[in-house]
Amino acid sequence: MKKTIAAICAFASAVAVAGMNDLLISFSTPGPDKYADGTDVQVGECYSLVGTKADGSQDIVLNYQTKLAGKCSSVVYMVDEVTAAKYTKWDVYLTDTRDFTKDGKPAGLDDKGQPKVKNVQAPVAASVASSGSQFASATVKEGVAAGAYDLAAAEVPQPEVKGIKIVGANVVVTVANTRPFVGYTLVSGKDTTNFSIPAATGTNGDLAGDIELIAPKKDGAQFFKVSTVK
């Protein structure tokens with residue numbers, strides 16, 4: 001299963017307000033932001049502002065629930081001088097908090113401001129550094145892609161092919177060991193090294209059982225593999 005980590009810049013700026021050394025950070029994304037299954041991010045999804053210390057350790061400073069579908073709505077957050085001094089750079093991450101045991105909607109935050117469900121995470125803004133200044137910015141180029149999620153870090157397992165059969169004009173592949181927050185698709189090729197580009201949307205995994213992926217049967221030899229959507 002191919003995994004791609006893509007750092008996408010979000011808008012961020014810092015200006016002096018209130019205390020002279022307080023930090024005002026605003027961020028948003030242009031969209032469309034996608035989940036790892038290729039569908040659009042839902043209203044209420046969680047975007048986290050993360051501070052990184054000089055030793056590399058990180059803290060979540062803010063979890064923000066977007067008010068718009070498909071992107072992070074604009075948010076402005078003031079970091080006080082004492083807190084801002086702890087960190088050398090800032091990042092924003094998108095977290096998939098959908099609860100698939102219920103309605104598949106974002107589960108929201110608990111009374112401590114932390115996500116009730118945390119499936120998988122993607123970087124949104126890279127190196128939004130303060131460096132002791134009250135002003136910093138990064139330019140938005142594109143939305144968060146399905147392939148931006150670090151599936152390995154979330155310990156998402158490799159899908160397992162259990163069976164392949166021909167049904168009429170199609171090839172049907174039965175796949176086990178999948179997850180509902182990831183989209184799976186079949187890619188094909190004439191040999192074992194050159195495969196077609198994965199589809200932008202796929203079939204969601206299923207913790208409770210197997211899924212079936214279908215591709216048209218073509219003349220001659222065909223090779224198939226299971227991939228995550230991009």
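The values are calculated or read from the model by the stated rules, or taken from the named source; none is laboratory data. Not measured: the values here are computed from a predicted model. So basically every Cβ, Gly included, is an ideal-geometry build from the backbone, and we count neighbours across all protein chains shown.
Quick notes on this structure:
- Residue count for the stretch 143-194, restricted to those that are in contact (Cβ under 8 Å) with a residue 24 or more places away in the chain, over 25 Å from LYS34 (Cα atoms) and among the hydroxyl-bearing types (Ser, Thr, Tyr): 2.
- Residue match in the stretch 188-202 (condition: in contact with a Leu (Cβ under 7 Å, 6 or more places away or on another chain) and surrounded by 14 or more Cβ atoms within 10 Å (Cβ to Cβ)): no
- Filter pass, ALA215 being in a loop (DSSP other than H, G, I, E, B), out of contact with any His (no Cβ under 6 Å at 6 or more places or on another chain) and either of a type in the set (S, T, N, Q) or outside the structural domain of LYS118 (by TED's automatic domain parsing) (or both): no
- Selection status of PRO180, out of contact with any helix residue (DSSP H, G or I) (no Cβ under 9 Å at 6 or more places or on another chain) and within 22 Å of VAL117 (Cα to Cα): yes
- Residues in the stretch 150-167 that are outside any strand (DSSP E or B) and touching a Lys or Arg at 6+ places or on another chain (Cβ under 8 Å) were compared, and the one that is nearest to PHE223 (Cα to Cα) is PRO157.
- Looking only at residues in the stretch 211-230 that are surrounded by 15 or more Cβ atoms within 10 Å (Cβ to Cβ) and free of Cβ contacts under 8 Å to residues at least 60 places away in the same chain, the one that is nearest to SER188 (Cα to Cα) is LYS225.
- Residues that are farther than 21 Å from ALA148 by Cα and surrounded by fewer than 17 Cβ atoms within 10 Å (Cβ to Cβ) within the stretch 79-108 comprise ASP80, GLU81, VAL82, THR83, ALA85, LYS86, THR88, THR101, LYS102, ASP103, GLY108, listed in sequence order.
- Taken together, GLY202, GLY143 contain a single residue that is closer than 20 Å to ASP40 by Cβ, under 26 Å from the mean Cα position of the chain (by Cα) and not assigned by TED's automatic domain parsing to the domain that holds ARG98, which is GLY202.
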